[in-house]
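Working notes, structure below.
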Amino acid sequence: MENVSLIILLLFAITFLGLLSNRYKFPFPILLILSGVAISLIPGLPDIVLDPAIVFIIFLPPLLYGAAWNTSWHSFKASLNPITRAAVGLVLFTTLLVAVAAHTLIPGLTWPLAFLIGAIVSPPDAVAATSVTKGLGLHPKLITLLEGESLVNDASGLIAYKYALTAIMAGNFVLWQASLNFLIVVGAGVAIGLAIGYIL
């Protein structure tokens, strides 16, 4: 019941901030960040724990669907090669770079935890890319690349997050096994997506 009330409150807050963003032409993601920072400074607020499954089931699908709905499939298909390289290679490179920086700058931070931090911050958000690039006068191909990459990079980020979290809980991390599992999961996901798309 507590999670239901929290979800309803968050949806009302997001709707209100969306109206403000449209009215004053202010980037929606930045408005969300500023609002979150402002709320966190209010003294005496209770700790809020949100079940991750709720985020994946309720919040993430509509966000991705909304961003995908506004993306041209023709343009996406034409830029599929650079989008794939950025969504997989760039996200994993960013994860590695953040992990090395975090491990170097934070004393006592283990490698699995450093990779977990990298996996969390590496994939940019689809809605953020769409909102921030809107009205900037960027080249359409660049907008397609940014929006397309942000649509499909969640898979890379979530898989990296999963294996980093597994390494933390198990106490060990085998790079070749994680790499092999990553390729299997990506390949299976692409195959299932193509099959469903062909059927529909």
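The values are calculated or read from the model by the stated rules, or taken from the named source; none is laboratory data. Because the structure is predicted, anything quoted here is derived from the model rather than measured. Methodologically, a virtual Cβ is constructed for each residue, glycine included, from the backbone with ideal geometry; neighbour enumeration extends over all protein chains shown.
Okay, here's what the table says:
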quantity	calculated
Flag for ALA87 being assigned by TED's automatic domain parsing to the domain that holds HIS139 and in contact with a Pro (Cβ under 9 Å, 6 or more places away or on another chain)	yes
Residue ID - farthest from the chain's Cα centre (by Cα), chosen from residues in the range 71-92 that are hydrophobic (A, V, I, L, M, F, W, C) and over 12 Å from LEU145 (Cβ atoms)	TRP73
Only listed residue being at pLDDT 70 or above, aliphatic (A, V, I, L, M) and surrounded by 13 or more Cβ atoms within 10 Å (Cβ to Cβ), chosen from ALA38, ALA13	ALA13
Qualifying positions in the range 164-187 - closer than 30 Å to LYS77 by Cα and modelled with pLDDT of 75 or more	LEU180, LEU183, ILE184, GLY187
Some residue of the range 52-61 being loosely packed, with under 10 Cβ neighbours inside 10 Å and over 24 Å from ILE143 (Cβ atoms)	yes
Residue selected from the range 149-170 under the condition without any contact (Cβ under 8 Å) to a residue 40 or more places away in the chain and surrounded by fewer than 20 Cβ atoms within 10 Å (Cβ to Cβ), by the criterion nearest to THR71 (Cα to Cα)	LEU158
Contacts under 9 angstrom Cβ, first residue in the range 183-200 being under 15 Å from ALA155 (Cα atoms), partner modelled with pLDDT of 75 or more, 6 or more apart	VAL185/ILE159; VAL185/LYS162; VAL186/VAL88; VAL186/SER156; VAL186/ILE159
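Let's see how each residue does on (1) in contact with a helix residue (DSSP H, G or I) (Cβ under 7 Å, 6 or more places away or on another chain); (2) at pLDDT below 75; (3) surrounded by fewer than 14 Cβ atoms within 10 Å (Cβ to Cβ); (4) under 22 Å from VAL190 (Cα atoms):
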residue	(1), (2), (3), (4)
ALA102	yes, no, no, no
ILE106	no, no, yes, no
LEU116	yes, no, no, no
VAL127	yes, yes, no, no
GLY137	no, yes, yes, no
